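What follows is a single structure, written as C-alpha cells, with notes after it.
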Amino acid sequence: MKKTIFLLAVFISFSSLSFAQLKIGYLDSDTVMDKLPDVQDARQKIDALIQEWQSEIRVLENDWKNKYDDYEKRKLIMTDQTRAEAEAELIKLENDITQFRDKKFGTNGELFLKQDELMKPVQNKIFNAIKQVAEEENLDFVFDRSGDIMILFAKEQYDISQKVLDKLKID
C-alpha cells in the first residue's frame, strides 16, 4: 500500500513538471464552421434533400391515410377476401414508408452518406488549417470549446479560431 502511494506521488510530481511546459490552444469549431462558405453550401444542399425526402414521405403517408380512411368506411360491407387484400395493401404501404425512412434517414442512409460526402472535404480543410496554426504557434494541444470537452476558463490569447479562419481566408 505504501509503495502504491509512493509511486502515485512520484508519478504526480513528474507529470506536473511536464504539464508546466505544455502550450495549449483552443478554438470554437462552431464559429469556424458558421463562417466557412463551403459549410453553408453543404448545409443548404443537405437541407434541400431533407425537405425533398420529407415531402415524399408526406405524400406516402397521405396515400396511406386516404386508403385507411376508405378501408374504415367500407370494411363492414367488404368480403373477407377484399378486407384481407385491403389490409395487406395497408401493411405494405406502412412497410414502404418505413423502408423509405430507413433508406433516406437511417444509420447508413442516404442522408448520412451525403453529409459525409459533402462535409469530409471541408472538415479536412479545417483540420489542415488547425494543424498549420498549431505548428506555427508551437502548440502541444488544441481543444475545441464547442465540443464535448468543456473549457471552464481560457485566456483569449490562446484562442486560435481567428488564425484558423485566416488560414482558410475567412473573416
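Among the residues making up segment 132-144, those that are closer than 15 Å to LYS163 by Cα and among the charged types (D, E, K, R) are GLU135, GLU136, GLU137, ASP144.
Would you please name the residue that is surrounded by the most Cβ atoms within 10 Å (Cβ to Cβ), looking only at residues in segment 86-142 that are over 30 Å from LYS73 (Cβ atoms) and small (Gly, Ala, Ser)? Show your work before the answer.
Narrowing segment 86-142 to residues over 30 Å from LYS73 (Cβ atoms): 102-142.
Those left that are additionally small (Gly, Ala, Ser): 106, 109, 129, 134.
Working: GLY106: 14, GLY109: 16, ALA129: 22, ALA134: 20.
Taking the candidates together, the pick is ALA129.
Of everything listed in (1) modelled with pLDDT under 90; (2) surrounded by 13 or more Cβ atoms within 10 Å (Cβ to Cβ), the single unmet condition for SER13 is (2).
For segment 47-60, state whether one or more residues are loosely packed, with under 13 Cβ neighbours inside 10 Å and within 30 Å of PHE143 (Cα to Cα). Yes, there is a match, as at least one residue in segment 47-60 is loosely packed, with under 13 Cβ neighbours inside 10 Å and within 30 Å of PHE143 (Cα to Cα).
The values are calculated or read from the model by the stated rules, or taken from the named source; none is laboratory data. Please read all numbers here as calculations on a predicted model, not as lab measurements. Because the Cβ atoms are built from the backbone with ideal geometry, glycine has one as well, and the counts that use them run over all protein chains shown.
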